[in-house]
Amino acid sequence: MKLVVGLGNPGERYKNTRHNIGANVAKKFAKLHNISLRRQRYLSHFGEGKVGGEDVKIILPLTYMNLSGEAVGSIVKDKKIALSSILVICDDADLELDTLRLRPKGSSGGHKGLRSIIEHLKSDSFPRLRIGIGKAGDLKDHVLSPFGKSEADLVEGIEAMASEAVVCWITKGIEKAMSTYNAGRSA
């Protein structure tokens with residue numbers, strides 16, 4: 001069983017902000033694989049299905065970014081999911097917009113959603129897919145701002161590529177996904 005976690009903030013106010021790119025990718029991934037995210041479980045929008053023969057569960061925490069660990073901890077405890085079978089998708093202001101970075105484990109890198117998950121799981125040994133959102137000015141204002149019209153094509157492309165990376169992680173593992181997708185869109 002695999003768990004895909006799309007980080008973001010719930011509600012219309014945050015719907016298309018940079019901080020919600022993880023949730024947006026998880027939604028696109030779910031739609032692509034006909035997985036409904038209408039149910040509410042584990043303090044999240046929740047769905048489950050099969051991808052490449054694997055059982056996959058997807059959550060979009062409803063706890064707000066800084067408390068994401070409550071939702072992730074809830075499903076991990078209930079379903080007894082191995083940490084290596086979790087993929088957290090989130091934004092990263094230290095990466096350019098056109099960049100993906102998969103890692104099998106690591107620190108929060110200052111990301112409060114990842115920090116919350118690490119605290120609740122008492123470990124940083126879970127894969128994560130960071131999606132570059134670029135950096136400009138005040139970090140809080142930047143992550144809570146929407147993407148500009150001039151960035152629309154880049155965002156659409158990187159979200160599609162991130163969805164492909166999730167499939168690769170599920171079907172071929174973290175090492176293959178890293179070697180295929182960590183080079184950016186030109187790979």
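A straight Cα-to-Cα reach below 30 Å connects LYS135 with the lysines LYS15, LYS27, LYS28, LYS31, LYS105, LYS112, LYS122, LYS149, LYS176, residues fewer than 8 places away in its own chain not being considered.
Panel note: the C-alpha atoms of the range 1-104, placed on their principal axes, show extents of 33, 25, 25 Å (largest first). Sketch the reach of a paramagnetic label on SER108 as a point 7 Å from Cα along Cα-to-Cβ, and name the residues of the range 21-51 whose backbone nitrogen lies under 20 Å away. Inside the label zone: 21-23, 43-44. Among DSSP beta bridges whose residues both lie in the range 2-181, state the antiparallel percentage, nearest 5. Expressed as a percentage, antiparallel bridges in the range 2-181 total about 55. What is the spin-label model distance, in nm, from GLU54 to ALA160 if the labels are put 7 Å beyond Cα along the C-beta direction? About 2.3 nm, to one decimal.
Using 0.36 nm per residue, how much length does the chain from ASN66 to LEU32 gain when fully extended, once their Cα-Cα distance is taken away? Spell out each step's value before the answer.
On the way: separation 34, 0.36 × 34 = 12.24 nm, distance 2.78 nm.
Between ASN66 and LEU32, full extension yields 9.5 nm more.
Descending by average beta-carbon neighbour count within 10 Å, the peptides 1-10, 119-128 line up as 1-10, 119-128, the highest first. Three principal axis extents of the chain based on alpha-carbon atoms, in descending order, are 41, 32, 30 Å. Sorting 68-76, 19-27 by their mean Cβ neighbour count within 10 Å, with the most densely packed peptide first, gives 19-27, 68-76. All alpha carbon pair distances within the range 66-172 were sorted into 10 Å bins beginning at 0; the resulting P(r) in whole percents reads 13, 43, 34, 10, 0.
Every number in this text was worked out from the coordinates using simple rules, so none of it is lab data. All values derive from a computational prediction rather than experimental measurement. Every residue, glycine among them, receives a Cβ derived from its backbone with ideal geometry; neighbour counts consider all protein chains shown.
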